[in-house]
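Working notes for the structure below.
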Amino acid sequence: MSTHRTGLRRRLVAAGAAAATATLLTACTSNTPEEPEDTPSAPAAAAGANDEPGDSVVIGFSAPAADHGWMGAITKAAQAEADRYEDVELRVAEGTNDVNLQISQVEQFINDGVDAIVLLPYDGAALTEVATRAMEAGIPVVNVDREFSSRFAARTTVLGDNYGMGVSAGTYICEQVGDKPGAVVAEIAGIDSLPLTQDRSQGFSDALSDCGLDVDNRVAADFTVQGGQAAAANLLQAAPRIDALWNHDDDQGVGVMAAISEAGRDEFIMVGGAGSANVMRDIQSGNSVLKATVVYPSTQAADGIRLARLILQDKAMTDLVEVQVPRTVQLYAPVVTADNVEEYLPTAFES
């Protein structure tokens, strides 16, 4: 086996371990999935002993404003998950990108004496102090997606895998064009100042290096449709030839696809990021440059609701030997292609 394939195998093994963690989370009550009625965008639910009604619990939930598809799906899935349980009352604060307002929302949850808080912070560092106060008040906090700066601020943290997204995207592109002499790879990142963008780009670069490729052309956008279109237009003008393109975010990808259409370019394959329904439908149709997307789960807050309930009712994840809910759960970043798109489309978000 060649050196780069050996390195690739190591990355895939690591990714498989992450997948096992994600599988354990979604199977924390049993291994028999069942879709909740009237909530097609909610994650598949599992029925089992842990789903039997227990002590009634009140969970406070706060997240940023639903100003793009992924964030909107986060809140919708959290509410749908809470609705599955007759013993859960979910109090949802209005989504906000104002750090001070979100801090006041958490303070209100503390004053109201909720049993647990599921919190996707607009800024993890800025919300750390108030989350720590909640923990000190005896209110378990489940931190979602954007980590606090102290381990004392949360009982459990549910994370996506930004580095793994890059690895998955790079691995797929290696499989598609790695044997093509002089293959040109391009990248449209999100906001470069954010650690999540840096992690995605690092994972992408590391995976490409396993098959002797690198990023030849790179631009950064801002996770918006307008920013994606402008960044893609600049990239396409600067790169007369592209063999494979990775766009970090499917919401900004709406603009990226508009720029590609305007430029009349179709000589390359494109991989999306986050896993939107519109991208998956394009993949399914086979009529565009989009051939794959890498999922960044919009189920994280729903998983947080389920874990908060288990913590409060002193239950564990029954597929684990461990008798407590884990301290950290990191979800997997699978590649969705025409071969498996039907599996992922029901839980995808709309851009």
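The values are calculated or read from the model by the stated rules, or taken from the named source; none is laboratory data. Quick caveat, the model's predicted, so the values are computed rather than measured. Every residue, glycine among them, receives a Cβ derived from its backbone with ideal geometry; neighbour counts consider all protein chains shown. For accessibility, only protein heavy atoms count, side chains too; no ligands or nucleic acids. Shrake-Rupley method; radii C 1.70, N 1.55, O 1.52, S 1.80 Å.
Listing for the model above:
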| item | result |
| --- | --- |
| Length-normalised contact order for the chain - Cα pairs under 8 Å, 6+ apart - percent | 22 |
| Positive-end residue of ALA238, LEU194, GLY178, charge dipole of the chain with Cβ unit charges | GLY178 |
| Average accessible area per residue (Å²) across the chain - probe 1.4 Å, nucleic acids and ligands excluded | 42 |
| Theoretical FRET efficiency, 1/(1+(r/R0)^6), r = Cβ-Cβ of LEU101 and ALA338, R0 35 Å, to 0.05 | 0.20 |
| Karplus-derived 3J(HN,Hα), 6.51/-1.76/1.60, for each residue of the range 126-134, Hz, glycine and proline x | 5, 8, 4, 5, 6, 5, 4, 4, 4 |
| The range 285-292 - phi-based ³J(HN,Hα) in whole Hz, Karplus 6.51/-1.76/1.60, Gly and Pro as x | 6, x, 10, 9, 6, 6, 10, 6 |
| Unit charges on C-beta of K, R, D, E only; dipole of the chain, Debye | 1020 |
| DSSP bridge orientation in the chain - percent antiparallel, rounded to nearest 5 | 10 |
| Solvent-accessible area, 1.4 Å probe, carbon plus sulfur percent, for the range 242-351 | 48 |
| Note, ³J(HN,Hα) from phi for the range 235-250, Karplus 6.51, -1.76, 1.60, rounded to Hz, x at Gly and Pro | 5, 5, 5, 7, 10, x, 10, 9, 9, 8, 10, 10, 9, 5, 9, 6 |
| Positive-pole candidate from SER168, GLN102, VAL295, dipole of the chain, charges at beta carbon | SER168 |
| Lys, Arg +1 and Asp, Glu -1 on Cβ, resulting dipole of the range 108-193 about Cα centre, debye, nearest 20 | 120 |
| ARG91 versus ASP216: modelled label distance in nm, points set 7 Å from Cα along the beta carbon direction | 5.7 |
| By average C-beta atoms within 10 angstrom, highest first, the peptides 101-110, 71-80 | 71-80, 101-110 |
| Fraction of accessible area attributable to carbon and sulfur, the range 113-153 (%, probe 1.4 Å) | 48 |
| Global form of the range 150-229, assessed from the alpha-carbon gyration tensor, a/c cut-off 1.5 | oblate |
| Gain in span if fully extended, ARG151 to ARG327, counting 0.36 nm per residue against the direct Cα distance | 62.4 nm |
| Residue (of LEU90, ALA78, MET257) at the positive-pole extreme of the chain, dipole from beta-carbon charges | MET257 |
| Accessible surface, 1.4 Å probe, highest first, among residues TYR332, TYR296 | TYR332, TYR296 |
